[in-house]
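To start, the structure itself, in structure tokens.
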Amino acid sequence: MTVIDLSAVAVRRGAAPGVRAAPPRGPPVRTPPTSAALSRAVLLVALLTLLGIGVPAPPSVGAAALPYQDPALPVATRVDDLLARMSLDEKIGQMTQGERASVTPADITSFRLGSVLSGGGSAPTPNTATSWADMYDRFQNAALGTPLGIPMIYGSDAVHGHNNVVGATIFPHNIGLGATRDPELVRQIGRATAEEVTGTGVDWTFAPCVCVVRNDRWGRGYESFGEQSALVSSMTSVIDGLQGAALDEGGSILATAKHYLGDGGTTGGTDQGNTQLSEAELRSIHLPPFAEAVRRNVGSVMISYNSWNGQKLHGHAYLINDVLKGELGFTGFVVSDWNGIDQLDGATGFTAAEVRQAVNAGIDMVMVPTGWRQFISLLRTEVQAGRVSQARIDDANRRILTKKFALGLFERPLTDRAYTATVGNAAHRALARQAVARSQVLLKNDGNILPLASANNRIFVAGKSADNIGYASGGWTISWQGGSGAITPGTSILAGIRTAVAPSSTVTYHPAGTGIDNSYRAAIAVIGETPYAEGRGDRPSGMGLDATDLATLNTLRASGVPVIVVLVSGRPLDISAQLPGWRALLAAWLPGTEGGGVADVLFGTYRPTGKLPVSWMSGASQQPINDGDGKTPLFPYGFGLGYSGG
Ligand code: GLC
């Protein structure tokens, strides 16, 4: 008869949601259990699991009482041990992600939630790095207060810097980074972003977007590195920066390749629309960046809202299970998009059938920002009814837990405050300024009016985007849709110009161009798009300049002063009619907080090297227009002028 020694396994204690002091920095010193005690414990665990009783873990601070708490053991061993101790509810909790505004620390403890997210613009008050870190630690301590003490993982959209946080460095959006053609620069940006994210406690970014934008009408085109699959694949170097040499090294966070699959190829450029392509076209245009991301060991993949030939990706078992996880060998975890499972049946409110289809299709973690209680209940019923297998639940948990162990969350669950001071620091802003300069694409420069002389010059600056960090940053900046004005600390393009000129020069500014006269030697019109995100940025009809900009340009043109246009936009705009009246045109894209990089090009501190990441239409009726499609663009993919004289 086998005598089971209960002393090896602590009896389950009630959730203790108290705040736990942060464990000493670095992996704790642990006393590994004896082999006899271990075998007894495993036997008991198996017995209790058969009885459907989860097995608690004693406090993990100090000696490693159980295998999954022992960092000396292989991650796979730790996952196996932990999985064997988890109840069905604990496993379902790990697959559930709620939004911070709809989750309390007590909810995390009670429902065993595995993840919390910040949606676009969702931030603590005050919105500071330290406040984020404090918020993160409150949620994490609640997770550590559960019987098994499984840490939660916190996700946020750090898509061009840690853009939800006031004071963070805001880098150029991806469309501008694609213009740099510089994977190493983009890797460095990933690293800088990861450090700032780490400093706020957040472990996971929903970035990079590795979509391939094929229609510039799409409101998310600026989240793409460009229209060519190879260019986008080259820019997955950002994953190396975000995830570092190892996920558990300081300053590394989990990256997400998104949105799988084909979101940039919808008919008409409609956000969340239908991507009508053959499988061969889908594979050749949209799949390679994900294959490259997987090769770089990206930790998670987010599923896209669009459909492929009428079938929603959130329920697409072939593309997720067979292609992503099977053919590409993706071993991280798949996360749904925001309420993405609710789109499967076309009706509002997710159902058991939608939960079943999404989880069986291969989604491992489900982003259910507010409806997470209902999700837990529906999935539990589906598993108990045998319509979602225990094996699928275990596979999802194995994938999620593997990344949590790899991140070192069990050993260092709380914010590494050593990185908090990196948020918006001078080194990151200098890197961002370099990226801004390298992203500028010079499209026209008649008479070599550029570069401008910085000394003894008289320059008139106009345009609604000149002194506006919000416009220069675009969507996904402080708020979901972005905003106007000094929304976060930085240098506007106008401020960059003012700093670049010598005291012997005059710079006059009026947004509408009012007051210009022919005493000025050049007029710089900083114009373009106001911020938008996702579908709100779709342009199904005209793609020209807005009335404000057209009026400003008319005022400048009437003065007879040569006009240099700096276009701040997330995409090419239909400017063919106005272009002849401009002496020069610089595509600035969405540069972010370091507008000094634009001035660096205007005054020749940096000689332009940027190349178009997308074809520039001759007119909106050409959309979609892409390299090699036989259409004649105003400026072709890859075009970009330098300054004469080398
Ligand atoms: C959004 C976006 C996705 C983002 C997620 C969380 O709807 O589609 O890119 O990561 O929700 O904010």
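The values are calculated or read from the model by the stated rules, or taken from the named source; none is laboratory data. Not measured: the values here are computed from a predicted model. Cβ atoms come from the backbone with ideal geometry, glycine included; neighbour counts cover every protein chain shown. Side chains included, ligands, DNA and RNA excluded: accessible areas come from the protein's heavy atoms. Shrake-Rupley method; radii C 1.70, N 1.55, O 1.52, S 1.80 Å.
Observations on the model:
- Within the chain, percent of DSSP bridges classed antiparallel, to nearest 5: 20
- Relative contact order (percent, whole number), the chain, Cα cutoff 8 Å, 6+ residue spacing: 15
- Heavy-atom SASA rank of Asp538, Asp517 (probe 1.4 Å, accessible area, largest first): Asp517, Asp538
- Principal-axis analysis of the Cα atoms of the chain puts helix 547-559 at an angle of about 30° to the longest axis.
- Largest accessible area first, the listed residues Tyr318, Tyr68, Tyr637 line up as Tyr318, Tyr637, Tyr68 when surface is computed with a 1.4 Å probe on the assembled protein chains.
- For the chain, with +1 on Lys and Arg beta carbons and -1 on Asp and Glu, the positive-most of Leu414, Ala255, Phe639 along the dipole: Leu414
- Between 0 and 90°, nearest 10: helix 75-85 axis offset from the chain longest Cα axis: 60
- The calculated pair-distance distribution of the chain uses every alpha carbon pair, bins of 20 angstrom beginning at 0, and gives 20, 49, 25, 7, 1, 0 percent.
- Accessible-area value, Ile487, 1.4 Å probe, nucleic acids and ligands omitted, Å²: 40
- Mean accessible surface per residue for region 35-422, computed with a 1.4 Å probe while every protein chain stays in place, in Å²: 28
- Cα centroid separation, region 344-394 to region 492-540: 50 Å.
- Report note on the peptides 390-396, 456-462: ranked by the mean count of other C-beta atoms within 10 Å, highest first, their order is 456-462, 390-396.
- Highest to lowest packing among 349-361, 296-308, scored as the average C-beta count within 10 Å: 296-308, 349-361
- Only helices enter the 222 nm calculation for the chain: every DSSP H run of n ≥ 4 contributes -39,500 (n - 2.57), and dividing by all residues gives -9000 deg cm²/dmol, rounded to 500.
- The distance linking region 89-151 with region 182-231 is 25 Å (Cα centroid to Cα centroid, whole angstrom).
- Packing rank of 524-536, 319-331, 209-221, 588-600, where each peptide gets the mean count of other beta carbons within 10 Å, highest leading: 588-600, 209-221, 524-536, 319-331
- Distance-filtered residues of region 213-244 - backbone nitrogen under 12 Å, label point 7 angstrom along Arg296 Cα→Cβ: 225, 231-244
- Links that overshoot a 27 Å alpha carbon limit, given the list Lys91/Lys325; Lys258/Lys444; Lys258/Lys464; Lys325/Lys611; Lys258/Lys611; Lys325/Lys631: Lys258/Lys444; Lys258/Lys464; Lys325/Lys611; Lys325/Lys631
- The residues of region 424-582 expose on average 36 square angstrom of accessible surface per residue, using a 1.4 Å probe on protein heavy atoms.
- Overall, the chain carries a charge dipole of about 680 debye about its Cα centre when +1 sits on the Cβ of Lys and Arg and -1 on the Cβ of Asp and Glu, all other atoms neutral.
- Most positive-pole-ward Cα, Leu277, Leu66, Gly537, against dipole of the chain from beta carbon charges: Leu66
- Seen from every direction in turn and averaged, the convex hull around the alpha carbons of region 463-542 projects onto 6.8 nm².
- In the chain, the portion of solvent-accessible area held by carbon and sulfur atoms comes to 56 percent [1.4 Å probe, whole percent, DNA, RNA and ligands not counted].
- 0 to 90° range, to nearest 10: angle between helix 35-50 axis and the chain longest Cα axis: 80
- Paramagnetic label zone (point 7 Å from Cα along Cα-to-C-beta, Ala230; backbone N under 16 Å) in region 269-307: 284-289, 292
- Cut-off under 5 Å, modelled amide H: who pairs with Tyr532 long-range: Gly475
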